């Protein structure tokens, strides 16, 4: 069952989702408006699978472009949901913004549960009574920060689950979209899935959450993870982007394939290569995508050579224009191909044939008067593949 979590800015929606899911997936901070994009987080309660849709704070009175985009995202989340949680800061009391959101929800078809959040002391449960005035049913008093009342809330939600709810499929390739801020990651995601799933802005760092999006490619399901732009940690320590960066790194650690998006206008920078190394160390198969190829002429061979020199796994390189749709049809099939190769197992005889051919073409050099001998190869792990080679003396083996 999909549950949209909406409310006025800084009502504690992301903190509540973290509490209900038992994971710190949603970015939380004291600054209002930290959650800007729609994010889906899977959990379950008493055997009922739930998908919590985290949305940005909805201020219907605001008219700036980013606020309008957040409003549109929230409306789409409500339309996509089976039920809605309307989260309100009970300590602050019922405000005009809360009433405006309630009016929006009364017009929706989905059942609504009003959540009186920030009731941190059982003696303050009476604060929830004021919210009856919204006409959306009996409020549930909770403290997202301390867990008070969250079990009752989950019981209420699971009771709304349609009988046909099915378990969420988990066994599917995970593809993380990585890159520096403002290289076009959100534009690429929107182009790939065909809808404005993340808010695209010219302001670097607009995407703060790692947003998982289920997709289907040629009848095959996968999960796209659009991550906040990774910056060097020293530049963002103590800021919201510091937490978003940590989430991006964690997304890479749980992904099968990393799509590293680079800005072709700037070429492949040292920071791009650092992010590529991060993805490979996390065990991701990696695909380098040079975006904005339509606005600049870059030597592709030179870019590939630079990548191959720095990234020893020599990832595949594709040039695209997310804005104009150039070469987009190649991206996901290539990513799924890499996911398959990452999960593959090689037969031991085939590995040893390859090893023998390699040794014959390039005999290992002697070191300190002793020659390295490679006897036998076998795959000892997969996803990513790990191959062990038996040798006569490990001290003769160097990284090169």
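Where a number appears in this text, it was derived from the coordinates with a stated rule and is not lab data. Quick caveat: nothing in here was measured; it's all calculated off a predicted structure.
Points to keep in mind about this one:
- Average Cα contact separation per residue, the range 348-396, under 8 Å, 6 or more apart, as relative contact order %: 32 percent
- The relative contact order of the range 2-159, computed from alpha carbon pairs under 8 Å that lie at least 6 residues apart in sequence, is 24 percent.
- Gyration tensor (alpha-carbon) shape descriptor, the range 2-159, a/c threshold 1.5: rounded
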